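Worksheet: the structure to be examined is printed underneath.
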Ligand SMILES: CSC[C@@H](O)[C@@H](O)C(=O)COP(=O)(O)O
């Protein structure tokens, strides 16, 4: 496999390296990732995260292992373990499902490696298409609210929702971003803020619960978010707190957009209720920890609920900006609405 570079992962011709996002923005540490248990550990502690990015990382690592002589039956077991590492992120499953049949191909590992490279390339290309069509919607100096991190740390390319904003900035539209900090793991306050600084985008970090008040004051013109899985009826899963933003945006008549590649659409999932929600460790809620240290404020004996994602019903979405086109609510039919327009950006 030839060398590849993205914002959050690199392949140098022999090893895969992951930018450890749990340490950002204070430390930039690239960690070598040579085997599946290491990648699962990195994914679970969100050293690499974002649905498209983990799908690409999984594909590239399986290709590296295959090239190094991993037997097909062992690689299959590895792939199935990886597939379960983050249960909400559909891109992870989608990538692995593209590689599984190639583990029994006569030319193993050749076509499997080619497919992994395609998964990386397609994600870069789909980000560029979403950025282009999404940026067209934005006016000059719009105040945009977003949550979590959806930029080049979350994909192999320039990002989903953040890719749209970054493209608008490059086009001279000078967007302003309200960055919801995104409790509990602060992907907004740590990662999106860092990406805004790098792209020269004016922004302000807010605590998640400040969003409705800003909307009420007329300080938000548009909400743009990513997604970890979109169901066939347009309901979608994204970082916990997204549903609250969608409800508040509807109340204040603010347009609310989902930006995602088609690879985030799970055609086998009829609606949001069927999307599995990842439940995470209680300690993430009892306090905070990261490169900045560790602080616990809640009583250890208090029970915690820590769903990593929530479901936003399709009825709260203004439009879905996919790499295959822009979809309005009327485009969603009983049959696969995203497939009807596939290939028609
Ligand atoms: C391209 S990003 C889409 C989603 O993966 C993103 O919005 C998100 O919720 C990521 O959650 P995370 O838990 O940080 O992996």
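Couple of notes before you dig in:
- Residue order, fewest to most surrounding Cβ atoms within 10 angstrom, among 117, 64, 179: 117, 64, 179
- Placing a pseudo-label 7 Å from each Cα along the Cα-to-Cβ vector at residue 34 and residue 279 gives an inter-label distance of 3.7 nm.
- Counting neighbouring Cβ atoms within 10 Å and putting the fewest first, the residues 278, 273 line up as 273, 278.
- Once the Cα atoms are used to define both axes, helix 72-83 deviates from the longest principal axis of the chain by about 10 degrees.
- Modelled FRET efficiency - R0 51 Å, residue 84 with residue 174, Cβ distances, 0.05 increments: 0.75
- Distance (nanometres) between label positions extended 7 Å along Cα→Cβ at residue 10 and residue 330: 5.0 nm
- Rel. contact order, % - alpha carbon contacts under 8 angstrom, at least six apart, region 4-125: 22 percent
- Sequence of 178, 30, 320 once ranked by neighbouring C-beta atoms within 10 Å, starting from the fewest: 30, 178, 320
- Label positions at residue 26 and residue 105, each projected 7 Å from the Cα along the C-beta direction, are separated by 4.5 nm.
- Taking 301, 170, 121 as the candidate residues, the one with maximal mean-square fluctuation in a Gaussian network model of the chain, Cα springs under 10 Å, is 301.
- Normalised alpha carbon radius of gyration of the chain [divisor 2.2 N^0.38 Å]: 0.95
- Among 293, 50, 325: highest mean-square fluctuation, GNM of the chain, C-alpha pairs under 10 Å: 293
- Gyration tensor verdict on region 136-340 (Cα atoms; rounded if a/c is under 1.5, prolate if a/b is larger than b/c, oblate otherwise): oblate
- C-alpha long axis of helix 51-67 to longest principal axis of the chain, angle in °: 10 degrees
- Mean ellipticity per residue at 222 nm, deg cm²/dmol - from DSSP H runs of n ≥ 4 across the chain, formula -39500 (n - 2.57): -10000 deg cm²/dmol
- In degrees, nearest ten, helix 242-251 long axis to first principal axis of the chain (Cα): 30 degrees
- Legend: Rg and Dmax of region 173-232, from Cα coordinates, 12.5, 37 Å.
No value in this document is a laboratory result; all are computed from the given coordinates. All values derive from a computational prediction rather than experimental measurement. Reconstructed Cβ throughout: ideal geometry from the backbone, glycine too, with neighbour counts over all protein chains shown.
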